[in-house]
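Enquirer: Below is one structure. I have some questions about it.
Quick note: the coordinates plus some simple rules give every number you see, no bench work behind them. The structure displayed is predicted, hence computed values, not measured ones. Cβ: placed from backbone, ideal geometry, glycine included. Neighbour counts: every protein chain shown.
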Amino acid sequence: MDTVVQWNIRGFRSNFEELKLLLNRSQSAVVALQECRLEEGQVPPQGYTLLLPQGGSPGGEAAILIRNGTRFSEIDLKTGMHTAAATISLEKTLTVCSLYLPPNSQVSKLSLAELFGQLPKPFLVLGDFNAHSPAWGDSRRDGRGRMLEEFTVEND
């Protein structure tokens, strides 16, 4: 069975060995990464393709690793957010979007709706939203967490 994994890697180079271990153990078809902090010439682990945002977001704050041999089609998203996305053929075809929202960045329900509207269905949006809410196991709720809760309910 093909798996999809999400990881805020907090540095592609500094956690490269742990990434290779994760890929070896999980045999994941797709890994959505955030806070990659990619450097010039960074190469993916053997057996994977590294998908960056089209236009090359500075630092590659969001990326997707796709296992070689997995059919995929890159999606060029029109957004100011840190994203990478692709439609991927696993047991079923689905769209995977890796999203990183820095803690002090401004994000609105409208900007999320515009992003989600560009994603072919069905889709998974995986990432580090820097949002806190008991809805996903946090002990506190912040403004972004409240906004994401509302957005989720309003958009099913």
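Enquirer: Just to be sure, is GLY127 small (Gly, Ala, Ser) and part of a strand (DSSP E or B)? Outline the logic, then answer.
Expert: Details: small (Gly, Ala, Ser): yes; part of a strand (DSSP E or B): yes.
So GLY127 passes the test.
Enquirer: Still on this structure: May I ask you to list the residues in segment 66-95 that are surrounded by fewer than 24 Cβ atoms within 10 Å (Cβ to Cβ), touching a residue at least 24 places away in the same chain (Cβ under 8 Å) and in contact with a strand residue (DSSP E or B) (Cβ under 8 Å, 6 or more places away or on another chain)?
Expert: Correct list: ILE66, ARG67, THR70, ILE75, LEU77, MET81, ALA86, THR87, ILE88, LEU90, LEU94, THR95.
Enquirer: Inside segment 96-112, can you point out the residues that are surrounded by fewer than 23 Cβ atoms within 10 Å (Cβ to Cβ) and in contact with a helix residue (DSSP H, G or I) (Cβ under 8 Å, 6 or more places away or on another chain)?
Expert: Step one: list which residues in segment 96-112 are surrounded by fewer than 23 Cβ atoms within 10 Å (Cβ to Cβ), which gives 102-112.
Selection gives VAL107, SER108, LYS109, LEU112.
Enquirer: Evaluate the following for THR49: is it within 16 Å of LEU124 (Cα to Cα), under 15 Å from the mean Cα position of the chain (by Cα) and polar (S, T, N, Q)? Please lay out each step first, then the result.
Expert: On the way: within 16 Å of LEU124 (Cα to Cα): no; under 15 Å from the mean Cα position of the chain (by Cα): yes; polar (S, T, N, Q): yes.
When the stated conditions are applied, THR49 does not pass them.
Enquirer: Among residues belonging to segment 19-35 that are without any contact (Cβ under 8 Å) to a residue 60 or more places away in the chain and closer than 16 Å to LEU50 by Cβ, point out the one that is surrounded by the most Cβ atoms within 10 Å (Cβ to Cβ). Explain how you work it out, then say what you get.
Expert: Residues of segment 19-35 without any contact (Cβ under 8 Å) to a residue 60 or more places away in the chain: 19-28, 31.
Going one step further and asking which of them are closer than 16 Å to LEU50 by Cβ, we end up with 19-20, 22-23, 28, 31.
Numbers: LEU19: 19, LYS20: 14, LEU22: 18, LEU23: 19, SER28: 20, VAL31: 27.
Residue satisfying both the conditions and the ranking: VAL31.
Enquirer: Residues in segment 77-96 that are in contact with a Phe, Trp or Tyr (Cβ under 6 Å, 6 or more places away or on another chain) and under 19 Å from ASN130 (Cα atoms): how many? Lay out the reasoning, then the answer.
Expert: The initial filter retains those residues of segment 77-96 that are in contact with a Phe, Trp or Tyr (Cβ under 6 Å, 6 or more places away or on another chain), namely 82, 86, 88, 95.
Then keep just the ones that are under 19 Å from ASN130 (Cα atoms); that gives 82.
Total meeting the criteria: 1.
Enquirer: Just to be sure before I move on: is SER98 part of a strand (DSSP E or B), of a type in the set (Ser, Thr, Tyr) and without any contact (Cβ under 8 Å) to a residue 24 or more places away in the chain in the structure I sent?
Expert: Values: part of a strand (DSSP E or B): yes; of a type in the set (Ser, Thr, Tyr): yes; without any contact (Cβ under 8 Å) to a residue 24 or more places away in the chain: no.
No.
Enquirer: Could you grab me the full set of residues in segment 114-151 that are exposed (fewer than 14 other Cβ atoms within 10 Å of the Cβ) and in contact (Cβ under 8 Å) with a residue 12 or more places away in the chain?
Expert: Step one: list which residues in segment 114-151 are exposed (fewer than 14 other Cβ atoms within 10 Å of the Cβ), which gives 117, 120-122, 134, 136-140, 143, 150.
Of everything in segment 114-151, those that are exposed (fewer than 14 other Cβ atoms within 10 Å of the Cβ) and in contact (Cβ under 8 Å) with a residue 12 or more places away in the chain turn out to be PRO120, LYS121, PRO122, GLU150.
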